[in-house]
Amino acid sequence: MRVDDRLSDELRLFSITRHFTKYAPGSVLIQTGNTKVICTASIEESVPPHIKNTGEGWITAEYSLLPSSTPVRAPRESTRGKVGGRTHEIQRLIGRSLRSIMDLALLKERTIWIDCDVIQADGGTRTAAITGSYIALMDAVRWLKSKDMIRENPVINSVAAVSVGVVNDAVLLDLCYAEDAAAQVDMNVVMTGDGKFIELQGTGEEYAFDDGQLAEMLKMAKKGIWEIIEIQKKALETA
């Protein structure tokens with residue numbers, strides 16, 4: 001029995017609220033269980049030095065845990081003077097995931113900044129951030145087209161992510177924090193809308209997993225991601 005009475009292959013309650021804030025061209029509140037993340041997309045008319053004068057755009061991400069997002073206050077990293085290793089890794093993962101589904105040349109020489117702010121954390125914050133950021137990105141692209149700043153849609157695919165793992169020798173989908181903390185194996189899976197993998201992050205915690213368990217985790221993750229993609233599609237159908 002799972003801590004929240006779900007089936008082993010059942011997602012937590014999942015919702016996407018678009019246009020969550022007033023000023024950003026794309027803004028989303030994504031909720032998966034008790035995890036809540038605000039994803040916003042802002043546009044800057046410049047690119048990093050390494051792609052300047054190439055004619056291509058760029059997408060980059062920042063991620064943060066709000067101090068009150070966890071049971072024990074999480075200090076703001078800005079007060080410590082540098083971004084921590086975990087945060088840096090997640091930011092790069094979000095950026096890679098979104099760039100993999102873009103034709104950056106169609107974006108022209110501008111940057112889309114994706115900010116992911118975790119307002120409540122209960123496991124799966126990075127996968128929720130990726131899933132919500134795709135919706136914020138789509139709204140930002142629609143905004144660019146509405147202003148005649150781009151002619152073609154540079155988004156060539158969709159992207160979604162979910163966690164999966166082994167807890168007490170059972171493969172489970174979409175781990176909450178209690179399950180994640182007890183997991184023998186923890187894996188994050190990022191996929192495109194046409195079923196291709198963008199990234200797999202799997203680690204055994206003092207535990208080694210075999211081919212059969214890996215295959216079962218990937219099968220379960222795919223099932224969950226297909227369900228999330230359908231939720232994304234429905235969210236984008238409204239104005």
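Things to note:
- All told, S146 meets the bar of being closer than 23 Å to S46 by Cβ, polar (S, T, N, Q) and free of Cβ contacts under 8 Å to residues at least 40 places away in the same chain.
- In summary, strands (runs of 3 or more DSSP E) completely within the stretch 164-239 and bearing 1 or more residues that are within 17 Å of R12 (Cα to Cα) occur at 170-173, 185-192.
- With respect to (1) at pLDDT below 95; (2) of a type in the set (G, A, S); (3) closer than 28 Å to Q184 by Cβ, the lone exception for A160 is condition (1).
- Only listed residue being among the aromatic types (F, W, Y), within 21 Å of the chain's Cα centre (by Cα) and within 21 Å of A221 (Cβ to Cβ), chosen from F20, F14: F14
- Qualifying residue in the stretch 216-228 (condition: modelled with pLDDT of 95 or more, within 17 Å of the chain's Cα centre (by Cα) and aromatic (F, W, Y)): yes
- Residue count, the stretch 133-192 (criterion: under 21 Å from K22 (Cβ atoms), of a type in the set (G, A, S) and under 20 Å from the mean Cα position of the chain (by Cα)): 3
- Condition broken by V155, with the remaining ones in (1) over 29 Å from M217 (Cα atoms); (2) surrounded by fewer than 24 Cβ atoms within 10 Å (Cβ to Cβ) satisfied: (1)
- The numbered conditions (1) surrounded by 14 or more Cβ atoms within 10 Å (Cβ to Cβ); (2) touching a residue at least 60 places away in the same chain (Cβ under 8 Å) are all true for A170 except (1).
- Elements of the type helices (runs of 4 or more DSSP H) sitting completely within the stretch 45-140 and holding at least 1 residues that are surrounded by 19 or more Cβ atoms within 10 Å (Cβ to Cβ) and either free of Cβ contacts under 8 Å to residues at least 40 places away in the same chain or in contact with a strand residue (DSSP E or B) (Cβ under 9 Å, 6 or more places away or on another chain) (or both): these cover 85-99, 104-107.
- Each residue in the stretch 1-44 was checked for being over 16 Å from I228 (Cβ atoms), of a type in the set (S, T, Y) and surrounded by fewer than 19 Cβ atoms within 10 Å (Cβ to Cβ), and 4 of them qualify.
- Residues of the stretch 173-192 satisfying the condition of being more than 21 Å from Q31 (Cβ to Cβ) and surrounded by fewer than 17 Cβ atoms within 10 Å (Cβ to Cβ): A182
The values are calculated or read from the model by the stated rules, or taken from the named source; none is laboratory data. Note that the structure is a prediction, hence the values are computed from the model and not measured. Positions of Cβ are generated from backbone atoms using ideal geometry, with glycine treated the same way; all protein chains shown enter the neighbour counts.
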